[in-house]
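The values are calculated or read from the model by the stated rules, or taken from the named source; none is laboratory data. Quantities reported herein were computed from a predicted structural model and do not represent experimental measurements. Because the Cβ atoms are built from the backbone with ideal geometry, glycine has one as well, and the counts that use them run over all protein chains shown.
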């Protein structure tokens, strides 16, 4: 309500036409302040580009940073839109096999094992679908390795702010040569407004801005006004994260009691990535039957990992607390 009121007041006097292609200077400066406040990192607003959600930021990143037919490494399981978008612009995903003992994140050993050195690496912390974080030491090591190998890192930081007992670290604390993709959809609770941002290396700013102007003209003026106000709602946003934490507890208490014990560490986001290989070898059929029999919706792991996702299921706990408890009760009865 606070955001809607601020937007309603703003549009009485502010223009509703096109804004600057890179986003308003006011919002870019406010995002820069966010980096100072949350991470102690100084980022020039000139490197920050407001976008139509994070997906357009990712698309423009690929087009700006890589040549046709480049290979970009990404760990599976991963957010499926990323390899889909990559292939749509003739960039080839070089998949790294994620391992449970490494929390499904990329490792230097896995990068070294690739037959060819990739031009880029996509990391996500917290990750969708696993909900796991890369610790700061491992993040620094990846940055050092990729700098030496001339591998451009794209850091998906969309779920920053939604963590449990540990902080997410921005890659910008270690380098100005990585590209960060972020969004107002998750922690900031603005999914339908379609506002995101990218932070790019200084030498890429001109090209990125030209591409943004040509492809999208400008981000939504109304969405940018809402984004400015949402920064003033930290107490409400953190209260929502506290609610996720309660939902997380419900799932982490219930699932192991049902025998579903191989869970990726739920360190961030609002997902539980569960190994259900003792129950099924076909996660699609498992999720379909579960939906039919119980009304519980979960995502089969094969959506995130075509090779080994048949043994995994992703549960989300972003809904109402009573729904989480009811879902676990139904699942327990179904598995008996």
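Of the residues making up region 4-26, those that are assigned to a loop (DSSP other than H, G, I, E, B) and in contact (Cβ under 8 Å) with a residue 40 or more places away in the chain are 11, 14, 15, 16, 17, 18, 19, 20, 21, 22, 23, 24. The set of residues in region 122-154 being over 22 Å from residue 301 (Cα atoms) and assigned to a strand (DSSP E or B) consists of 152, 153, 154.
Being in a loop (DSSP other than H, G, I, E, B), touching a residue at least 40 places away in the same chain (Cβ under 8 Å) and more than 30 Å from residue 33 (Cα to Cα) is a description that applies to residue 279. Of all residues in region 189-219, those satisfying the criterion of being assigned to a loop (DSSP other than H, G, I, E, B), surrounded by fewer than 22 Cβ atoms within 10 Å (Cβ to Cβ) and within 21 Å of the chain's Cα centre (by Cα) are 189, 190, 194, 201.
Within region 93-115, identify whether any single residue is closer than 25 Å to residue 42 by Cα, in contact (Cβ under 8 Å) with a residue 12 or more places away in the chain, within 14 Å of the chain's Cα centre (by Cα) and not in a helix (DSSP H, G or I), and answer yes or no. Checked region 93-115: no residue is closer than 25 Å to residue 42 by Cα, in contact (Cβ under 8 Å) with a residue 12 or more places away in the chain, within 14 Å of the chain's Cα centre (by Cα) and not in a helix (DSSP H, G or I). A single entry from 29, 42 fulfils the requirement of being surrounded by fewer than 20 Cβ atoms within 10 Å (Cβ to Cβ), without any contact (Cβ under 8 Å) to a residue 24 or more places away in the chain and assigned to a loop (DSSP other than H, G, I, E, B): 42.
For residue 284, the conditions (1) outside the structural domain of residue 124 (by TED's automatic domain parsing); (2) touching a strand residue (DSSP E or B) at 6+ places or on another chain (Cβ under 6 Å); (3) not in a helix (DSSP H, G or I) all hold with the exception of (3).
Scanning region 288-324 for residues that are part of a strand (DSSP E or B) and in contact (Cβ under 8 Å) with a residue 24 or more places away in the chain yields 299, 312, 313, 314, 315, 316. Regarding region 157-177, can at least one residue be identified that is part of a helix (DSSP H, G or I), touching a strand residue (DSSP E or B) at 6+ places or on another chain (Cβ under 9 Å) and more than 15 Å from residue 34 (Cα to Cα)? Taking every residue of region 157-177 in turn, none turns out to be part of a helix (DSSP H, G or I), touching a strand residue (DSSP E or B) at 6+ places or on another chain (Cβ under 9 Å) and more than 15 Å from residue 34 (Cα to Cα). Taking region 148-162, which residues are out of contact with any helix residue (DSSP H, G or I) (no Cβ under 9 Å at 6 or more places or on another chain) and under 17 Å from residue 74 (Cα atoms)? Correct list: 150 only.
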